[in-house]
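Here the structure comes first, spelled out in structure tokens, and everything after it is commentary.
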Amino acid sequence: MHKCFLCLICKTKILNQSSELTSLIKRKSRELGFYACGISRVRKLDEDASFIKKWLHEKNHAQMKFLENRIEERSNPGKLIPGAHSVISLASLYRTPDQQNKDCSYRISKYAYGNDYHSVVLKKTKELSRTIAEASGSKPGACFVDSGTLFEKKWAALSGIGWIGKNTLLVHPQAGSYLFLSEIITDLELDYDEAMPDQCGTCTSCIRACPTGALALKRPYTLNPSLCISYQTIEQEEGENFSFSQKNKEWIFGCDLCQEACPNNKKPVFFYDPDFSINPAIKNFTDTDWNTMNKSEFDDVFKDSTLKRGKLERIKRNIRMVVKNRSQL
Ligand code: SF4
Ligand code: SF4
């Protein structure tokens, strides 16, 4: 793309094309329901690659062996997609005012309230990629949603959507951190946004809210997954090194405590997306409903939900562990 002779007219044309395309991408992203869109030039993320290699070497990734794969490609989109010039970062806000039934003592992380975000966000991301391809005459870019393939929070920060907070999540200055991220890697040259500087300042609310030490004052901006309730309730298999924090007396899928404590999540910003509104079962279920649910009910009620990735056996295990923790003073 944009291989041309060195005439001024042609250069001007190219410049116009990149700014027109950039405007189209930003406009179309809003029409598709993305809360924010930012664009960065492809580059190699050497510092991040070194950080993750050290982090993996120290065995911080617990059972998440997949994080060991393809570090070189993951830290360098140009290697992952030869010829790539730009990373388009997109953020979908899933924060809703919906709440679980007050009579339910088991808590589910907000990110799992609605339909499975992987398919919802990927569909929108692919549609944007198709629109860009049609408008530019190029081939559609490669789309990613929480695949672990890219350092997506870093790209979102580089493209000015937000900054990576001390809770290790991407924080948008108005909308906070209840965001699903996705990306399009394209060979198009576009207009690039400026990275957003860290705005956590002296705040340590997320760290102080974390009950397990997964976030710690002595190592801000770093998460210890094996201590994190989210990891323990969603990812962790039983077996060797299985652990379940005794401090967890309520969470059966994920944990939002560090997000709930963040001042940027207390601003009244919601963005209605029917796909992310609360599943009626999550909204209405009581403890008894969760305790007595069988596999066919689970498969039926949560067929479109993020929860189906959690598997009923794991949720039941988490319920048993939470109940056990409550019996221990
Ligand atoms: S999700 Fe929960 S356990 Fe994990 S870091 Fe945040 S507050 Fe701590
Ligand atoms: S709670 Fe404070 S320190 Fe943590 S991410 Fe939010 S602003 Fe940053």
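Just so it is clear, none of the values below were taken in a lab; they were calculated from the coordinates. The model shown is predicted, which means the values in this text are computed figures rather than measured ones. Positions of Cβ are generated from backbone atoms using ideal geometry, with glycine treated the same way; all protein chains shown enter the neighbour counts.
Quick notes on this one:
- Theoretical gain in end-to-end length, CYS203 to PHE51 [0.36 nm per residue, Cα-Cα removed]: 52.4 nm
- Label point distance in nm, SER147-LEU217, each placed 7 Å from Cα along Cα→Cβ: 4.2 nm
- Average Cα contact separation per residue, the chain, under 8 Å, 6 or more apart, as relative contact order %: 24 percent
- Estimated inter-spin distance, GLU127 and LYS65, nm [label 7 Å along Cα→Cβ]: 3.9 nm
- Whichever aspartates and glutamates have a C-alpha closer than 18 Å to that of LYS123, once near sequence neighbours (fewer than 8 apart) are set aside: GLU31, GLU134, ASP146, GLU152, GLU183, ASP273, ASP275, ASP304
- When the chain is described by a simple charge dipole with +1 on each Lys and Arg Cβ and -1 on each Asp and Glu Cβ, the residue from SER109, ALA214, LEU128 located farthest towards its positive end is ALA214.
- Backbone HN-Hα couplings from phi across region 102-111 [Karplus 6.51/-1.76/1.60, Hz, Gly and Pro as x]: 5, 7, 9, 9, 9, 10, 10, 5, 4, 5
- Angle between the chain longest axis and helix 46-57 axis [Cα atoms, degrees, rounded to 10]: 30 degrees
- Dipole of the chain [Lys/Arg +1, Asp/Glu -1 at C-beta], most positive-end residue of TYR35, HIS118, ILE252: ILE252
- The Cα center of region 173-248 and the Cα center of region 302-316 differ in position by 22 Å.
- Calculated from backbone phi, Karplus (6.51, -1.76, 1.60) coupling profile of region 240-255 in Hz, x at Gly/Pro: 4, 6, 5, 9, 9, 4, 5, 6, 7, 10, 8, 7, 10, 7, x, 6
- Taking region 205-327 and dividing mean pair separation by its residue count, relative contact order in percent (alpha carbons under 8 Å, at least six apart): 28 percent
- Lysines whose Cα lies under 27 Å from that of LYS218, excluding same-chain neighbours fewer than 8 positions away: LYS53, LYS54, LYS59, LYS65, LYS153, LYS154, LYS166, LYS247, LYS249, LYS266
- Rounded to the nearest 20, the Cβ-based charge dipole of the chain about its Cα centre (Lys and Arg +1, Asp and Glu -1) stands at 420 debye.
- Considering only Cα atoms, the convex hull volume of the chain works out to 146 Å³ per residue.
- Degrees between helix 117-136 axis and first principal axis of the chain (Cα, 0 to 90, nearest 10): 10 degrees
- Normalised per residue, the volume of the convex hull around the Cα set of region 254-329 (Å³): 130 Å³
- In the chain, the longest principal axis of the Cα atoms and the axis of helix 8-31 are about 20 degrees apart.
- Distance between modelled label sites at ASN284 and GLU194, nm, 7 Å Cα→Cβ extension: 5.1 nm
- Think of each Lys and Arg Cβ as +1 and each Asp and Glu Cβ as -1; about the Cα centre, that makes the dipole of region 205-327 roughly 560 debye.
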